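Encoded as structure tokens, the structure appears first; notes follow it.
The values are calculated or read from the model by the stated rules, or taken from the named source; none is laboratory data. What you are looking at is a predicted structure, and each value in this text was computed from that prediction instead of being measured. Counting neighbours? That spans all protein chains shown, and the Cβs are built from the backbone with ideal geometry, glycine included. When the accessible area is computed, the model is the full protein with side chains, heavy atoms only, and any ligands, DNA or RNA have been set aside. Shrake-Rupley method; radii C 1.70, N 1.55, O 1.52, S 1.80 Å.
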Amino acid sequence: MIVLFFATSIIAQPDRWQQRVKYTMNIDMNVQTNRFTGKQKLEYTNNSPDTLTRVFYHLYFNAFQPGSMMDNRSRRQGAINGPQGRPDWDQRVKDRILNLKPDEIGYQKILSLKMNGRDQRFNMQETILEVKLDKPILPKSKVVFDMEFEAQVPLQVRRSGRDNPSSQVRYSMSQWYPKLCEYDYEGWHPTPYVGREFYGVWGDFDVSISIDKKYILGGSGYLQNPNQIGYGYEDKGAKVNRPAGDKLTWRFIAPNVHDFMWAADPGYIHISKKLKDSLTIHVLYKPTNEPAKGWEDLLSMAEKALPFIEKTFGAYPYKQFSFIHGGDGGMEYPMATLCIGPGAALHEWLHSWYYGMLGTNESLYPWMDEGFTQYAEERTSAFLSNSTGFAQRDNYASYFSLVKSGKEDPLTTHADHYNYNSAYGASVYSKGAVFVEQLGYIVGAPVRDNILLEYYRQWRFKHPNAADFMRIAEKVSGMKLDWYKEYWINSTRTIDYSIDSLWQDGAVTKVRLKKVGLMPMPIDVQITLKDGSKEMHYIPMNLMYGEKPLEDPSIPRKVYEPWKWTSSTYIIESNSKLSDFTFVEIDPSQRMADVERKDNKLELKW
Ligand SMILES: [Zn+2]
């Protein structure tokens with residue numbers, strides 16, 4: 001607590017401009033044809049210092065057409081073998097896009113687009129719409145775009161679509177509307193959709209969806225007309241008063257988010273629980289591919305986990321979160337998730353912190369979203385199950401097998417451009433999670449925890465990048481950590497230290513350590529003696545310009561002069577006799593991702 005207070009008092013809030021959007025959309029859905037029409041008013045504020053002569057939108061549904069980039073990409077992966085020697089398909093896509101019929105494909109067609117009332121010229125490049133503006137948007141000015149569009153919901157292939165084959169949910173409506181691309185200090189991000197990650201502009205959504213009266217909806221926003229809708233949304237004791245006609249119009253408002261998802265099915269079961277005055281959890285599910293119990297249990301899981309999550313990763317500021325059955329696997333959206341089963345729910349909820357509130361550009365820094373979320377999931381799971389084991393063990397194992405495969409790309413790789421799907425997963429999720437756990441080895445676990453909270457406090461709603469995180473880590477820890485990013489994120493260099501030799505030298509015992517791998521690290525060495533007592537020998541690495549605080553006060557620690565990264569050996573000294581040693585071990589905590597642990601521990605048998 002003291003460290004955090006100290007840190008917050010010396011770190012100034014970062015100053016970075018942000019574009020801003022306000023969407024007002026009216027959607028008319030036809031559940032017979034699976035098509036809808038939309039009117040979209042988009043108020044766009046250019047807070048950048050730049051004059052914009054064009055803008056870009058995402059049209060994600062156009063990916064679900066034979067011959068699209070996403071189709072090409074998926075079939076290409078199926079034609080090559082991944083690290084495990086099997087075709088590197090995205091199993092959920094395979095050749096399904098190729099086989100879509102005309103009434104099963106997805107599309108978004110732009111019927112008209114005006115800026116401040118004037119028609120604009122645009123051209124569609126599959127999943128990206130480029131608009132060449134008739135007049136530029138000046139710095140610090142606001143314009144209004146009015147768009148009319150129509151769309152067909154694809155048969156569900158990946159994440160979004162209709163008639164999910166396993167859950168039998170009718171509509172999983174993610175990436176469903178023309179969405180403005182983000183413009184930031186790196187310029188426009190018109191990333192064609194090939195099935196991976198997302199990036200969006202912060203803003204407010206006001207979405208009205210007219211749909212067959214029998215359908216039950218859930219999604220990103222707060223329902224504005226619950227007493228006209230019912231289905232469990234009505235105020236306690238209120239009489240539901242539905243307007244006449246075949247359709248109901250559901251109006252949702254979602255403030256300060258960078259996307260909007262909704263889902264609809266006439267068979268959804270809707271349950272909810274108020275966790276506190278400011279937060280209600282909703283669950284919408286069908287007892288199709290998973291039993292109801294797992295879904296029902298999400299309410300108590302959320303109640304138990306929330307205090308731990310908020311204390312560890314920061315406050316959840318929205319009034320609602322919804323676990324919704326649909327999509328494939330699990331996928332995160334603002335204030336909601338689409339999951340094929342309750343097993344994915346905790347991971348997707350924790351995305352609210354990294355995808356949702358911090359909102360890094362997931363294409364450029366997918367590990368800052370997936371890796372941090374994966375880390376948070378393992379840690380929260382361990383809390384929920386009262387487990388005291390090494391929570392991140394599976395992430396380390398997955399990283400080690402990635403290294404063995406020889407197919408690793410550095411974490412700086414754009415999410416879409418990883419050569420192998422399977423290597424992408426192990427890199428972004430597992431190596432990303434190891435990044436956070438291993439940071440705790442370098443700076444000390446309590447300091448790492450303060451870094452996570454300070455990062456959240458300073459960068460939420462601001463799209464931080466890797467350098468922004470590292471600067472927070474440096475300021476909170478008081479150490480230089482740029483080298484950690486250079487090796488762990490920018491390269492595929494690995495860590496390997498070993499115990500080289502030990503000998504009695506007069507009154508002291510000397511232990512020579514060896515740096516075998518190319519990535520340097522600070523080193524903990526624990527010596528265990530015959531009487532069961534332990535000694536900790538700690539060697540900082542010279543590029544850190546600092547040392548981690550004592551982690552375990554029950555073990556005396558000797559701190560050495562820094563190990564220079566150019567030196568391949570280092571000798572430590574113990575005042576105990578060699579004949580009293582039973583074990584010598586480098587990093588007994590196993591948080592340092594040493595790729596060859598066999599030579600890290602020596603047992604002495606006398
Ligand atoms: Zn995830």
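Of note:
- According to the Cα-based calculation, Rg over Rh for segment 219-258 is 1.03, with Rh computed by the Kirkwood formula.
- The Rg/Rh ratio for segment 225-368 is 0.97, where Rg is the radius of gyration of the alpha carbons and Rh is the Kirkwood radius.
- Note on segment 553-606: the alpha carbon radius of gyration divided by the globular reference 2.2 N^0.38 Å gives 1.31.
- Applying the Karplus relation 6.51 cos²θ - 1.76 cosθ + 1.60 with θ = phi - 60° to segment 498-508 yields 3J(HN,Hα) values of 9, 8, 7, 6, 8, 7, 7, 10, x, 7, 10 Hz, where x marks Gly and Pro.
- Over segment 469-606 - Rg/Rh using Cα atoms and the Kirkwood inverse-distance radius: 0.98
- Average accessible surface area per residue within the chain, 1.4 Å rolling probe, Å²: 39
- Qualifying chymotrypsin sites (Phe, Trp or Tyr not before Pro) for segment 322-427 [loop in DSSP, other Cβ within 10 Å: at most 16]: PHE390
- Loop trypsin sites (Lys or Arg not before Pro), segment 160-230, which have at most 16 other Cβ atoms in a 10 Å radius of their Cβ (DSSP): LYS213, LYS214
- Once divided by 2.2 N^0.38 Å, the Cα radius of gyration of the chain becomes 1.07.
- Eigen-decomposition of the gyration tensor built on the alpha-carbon atoms of segment 402-531 gives equivalent ellipsoid semi-axes of 32, 22, 12 angstrom, largest listed first.
- Debye intensity ratio I(q)/I(0), log10, segment 349-396, q values 0.15, 0.22, 0.28 Å⁻¹ (C-alpha model): -0.41, -0.74, -0.96
- Over every Cα atom in segment 268-327, the radius of gyration and the widest Cα-Cα span, Dmax, amount to 12.2, 35 Å.
- Over segment 328-485: Kirkwood hydrodynamic radius from C-alpha pairwise inverse distances, Å: 16.0
- Solvent-accessible area, 1.4 Å probe, carbon plus sulfur percent, for segment 391-518: 49
- With the convex hull drawn around the C-alpha atoms of segment 427-500, the volume per residue stands at 108 Å³.
- With the convex hull drawn over the C-alpha atoms of segment 88-128, the volume per residue is 114 Å³.
- Separation of alpha-carbon centers, segment 290-323 and segment 443-519, rounded to whole Å: 32
- Counted over segment 380-462 with a bin width of 5 Å, the fraction of Cα pairs per bin, in whole percents, is 3, 14, 18, 19, 20, 15, 10, 2.
- Scaled radius of gyration (Cα, divided by 2.2 N^0.38 Å) that segment 82-177 gives: 1.48
- The equivalent ellipsoid that matches the C-alpha gyration tensor of segment 416-456 spans semi-axes of 27, 11, 6 angstrom, in descending order.
- Calculated SAXS-style log₁₀ I(q)/I(0) at q = 0.13, 0.18 Å⁻¹ - segment 437-478, Debye, Cα scatterers: -0.23, -0.44
- For segment 12-151, taking the reciprocal of the average inverse distance between every pair of different Cα atoms yields a Kirkwood hydrodynamic radius of 17.7 Å.
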